[in-house]
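Some notes on the structure that comes next.
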Amino acid sequence: MSAYKHFSKLCSSFANLSLIRPSLNVTGHGNGIPNHSKVVCLAASGICTTPRNHDLMEFFDDKENWTEQRVKIGRAWKLDELRIKSNSDLHKLWFVLLKEKNMLLTMEQIYKERHKPMPSPERIYKVNESMQNIEKVVRERNKAYWELETGQYKEKTEDTYNGFGLPYKRKLREHTIPKEISLQHRKARVLKHKMVVDNDVINFLKLYNEKQEKKKYLMSSKLRYKHVCGLFRRFENIDEEALKAEFPDVDIEKAKRDKMSRGPRVNMY
């Protein structure tokens with residue numbers, strides 16, 4: 001118990017003191033060496049650096065603006081102004097704008113419920129424009145960094161499926177509601193599960209894949225046919241038997257008579 005009283009007394013004594021500042025007493029020595037032995041204790045001043053906390057009033061506009069018809073505001077942040085700022089400044093400015101946006105959206109909802117016009121509603125658009133400009137600057141810096149480090153830049157994507165069951169890459173974006181409690185995300189998951197087991201989707205994908213394979217085969221056969229025509233055009237005395245063995249699926253006689261096979265020689269059609 002005595003130790004606790006001693007600790008409390010020590011804390012109370014430090015509460016009334018500030019930083020110790022040594023005084024310089026040059027006249028105390030004849031050689032002009034300052035004397036640091038004298039210590040002056042200054043009383044602590046009532047300065048508080050903690051920001052004011054308005055609780056829920058942070059989500060509302062100033063009371064002076066509640067009855068005003070118009071509020072004086074500035075313009076949105078431009079790209080050239082944001083490009084010269086550091087990443088730390090952009091990070092701080094982003095949260096300042098986010099706080100302002102939350103306040104403006106809250107006030108907009110209140111004025112809608114009371115059927116009154118909101119003073120200077122263009123503030124929301126200017127805040128959104130500033131936040132979009134910050135995102136553009138951040139993307140520019142990310143693109144420059146990744147192109148410098150890896151030589152390529154791609155935004156993050158997610159592999160998903162559309163309503164027909166076809167895969168595609170979806171760009172990721174921010175959501176105000178987490179996906180764990182988002183009703184839209186749950187509906188998308190249910191739809192994705194239905195697409196896997198739905199008979200119509202399965203039949204569609206079967207026919208679609210068959211069509212894609214047929215396109216690949218036709219494209220490859222056309223390329224081989226053009227290649228054979230090019231060989232006839234370049235070489236006059238080419239061995240046709242060797243071509244038939246190399247390209248069994250290509251009609252050699254048809255390729256020989258094709259106009260694409262005409263070269264600097266006269267073909268015998």
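Brief remarks on what is shown
- All told, Ile238 meets the bar of being modelled with pLDDT of 80 or more, surrounded by 10 or more Cβ atoms within 10 Å (Cβ to Cβ) and assigned to a loop (DSSP other than H, G, I, E, B).
- Residue in the stretch 135-150 that is under 30 Å from Phe204 (Cα atoms) and in a loop (DSSP other than H, G, I, E, B) present: no
- Condition check for Glu213 on (1) within 30 Å of Asn102 (Cβ to Cβ); (2) acidic (Asp, Glu); (3) modelled with pLDDT of 80 or more: one failure, at (1).
Quick grid of which residues meet (1) among the aliphatic types (A, V, I, L, M); (2) touching a Lys or Arg at 6+ places or on another chain (Cβ under 9 Å):
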residue	(1), (2)
Ile181	yes, no
Arg186	no, yes
Leu207	yes, no
Glu213	no, no
Val228	yes, yes
Ile238	yes, no
Ala245	yes, no
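The values are calculated or read from the model by the stated rules, or taken from the named source; none is laboratory data. Given the structure is predicted, the values throughout are model-derived calculations rather than measurements. FYI the Cβ positions are ideal-geometry reconstructions off the backbone, even for glycines, and counts take in every protein chain you see.
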